Amino acid sequence: MLTRKIALISLLAALSIVGRIYMSSIPNVQPSTVIIILTGFVFGARFGLTLALLTAIGSDLVLGFGLFTFMQVMAWGVIGLLSGFLARFRTKIPMVMMACYALACGYLYGFVVSLNMLIGGVPSFIAYWIMGLPFDTYHALGNFVFYILLSPILIRMLEAEKKKLRI
């Protein structure tokens, strides 16, 4: 079963990384956040956190590394953990509300990534975060659309794999 889990997380990471790289021409619009959310919903916080780490490092191998890579790991990690904790309520919440959660995660991601500017003080953090809000909005709207498009298919596939793994 361990080999199957490793293969599953590798495939999800590849899907997330390729989706991010493929969509890189549109600023901040990519399916990675939604894939991390759905993985956290189905498999729990640990899977979501692992996928967050692999997505940030794997996609930044192509898109470029920087201090922001660490912040991306933190931001997607927080989203993966939150999604894992919300997993038990996922079936009780309507799809549109879950898509709104994905939308909110776009803003959460931008906020956490901006935290690295606290080194320069609170005013520089606020200025940096406010200047990034249009890009956070692109990310949030992309998450909403990707959630609507991907969740019915991906959740079904992940649930089937979860049954095979007996998690």
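Of Met98, Met117, Met74, the residue with the greatest mean-square motion in the GNM of the chain, using alpha carbon springs below 10 Å, is Met117. Note on the chain: with neighbouring protein chains present and a 1.4 Å probe, carbon and sulfur make up 76 percent of its accessible heavy-atom surface. Dividing the mean sequence gap of close Cα pairs (under 8 Å, 6+ apart) by how many residues region 35-167 holds gives a relative contact order of 28 percent. Largest GNM mean-square fluctuation among Leu118, Leu133, Leu11, using the chain with Cα springs under 10 Å: Leu118.
Computed from the coordinates I sent, volume of the Cα convex hull per residue in Å³ equals one of (1) 147; (2) 107; (3) 118. Tell me the label. Derived directly from the coordinates: (2). Length gained on full extension, Arg156 to Leu141: 3.1 nm, using 0.36 nm per residue less the C-alpha separation.
Largest accessible area first, the residues Arg90, Arg46, Arg4 order themselves as Arg46, Arg4, Arg90 under a 1.4 Å probe with ligands, DNA and RNA left out. The radius of gyration of the Cα set in region 49-119, together with its Dmax, comes out at 13.5, 41 angstrom.
For the chain, the solvent-accessible area of protein heavy atoms averages 53 Å² per residue (probe radius 1.4 Å; ligands and nucleic acids excluded). Among rounded, prolate and oblate, which fits region 16-80 when a ≥ b ≥ c are the square roots of the eigenvalues of its C-alpha gyration tensor, a/c under 1.5 means rounded, and a/b larger than b/c means prolate? Judged from the Cα gyration tensor, region 16-80 comes out oblate (a/c at least 1.5, b/c at or above a/b). Full extension of the chain between Lys5 and Ala87 gives 27.7 nm of extra length, using 0.36 nm per residue less the Cα-Cα distance. Ordered from largest to smallest accessible area (heavy atoms of protein chains, 1.4 Å probe), the residues Val29, Val145 come out as Val145, Val29. Build a GNM of the chain with springs between Cα atoms under 10 Å apart, and of Gly66, Gly44, Gly58 the one that fluctuates most is Gly66.
The values are calculated or read from the model by the stated rules, or taken from the named source; none is laboratory data. Please read these numbers as outputs of a predicted model, since none were measured by experiment. Please note that ligands, DNA and RNA were not included when accessible areas were found on the heavy atoms of the full protein model with its side chains. Shrake-Rupley method; radii C 1.70, N 1.55, O 1.52, S 1.80 Å.
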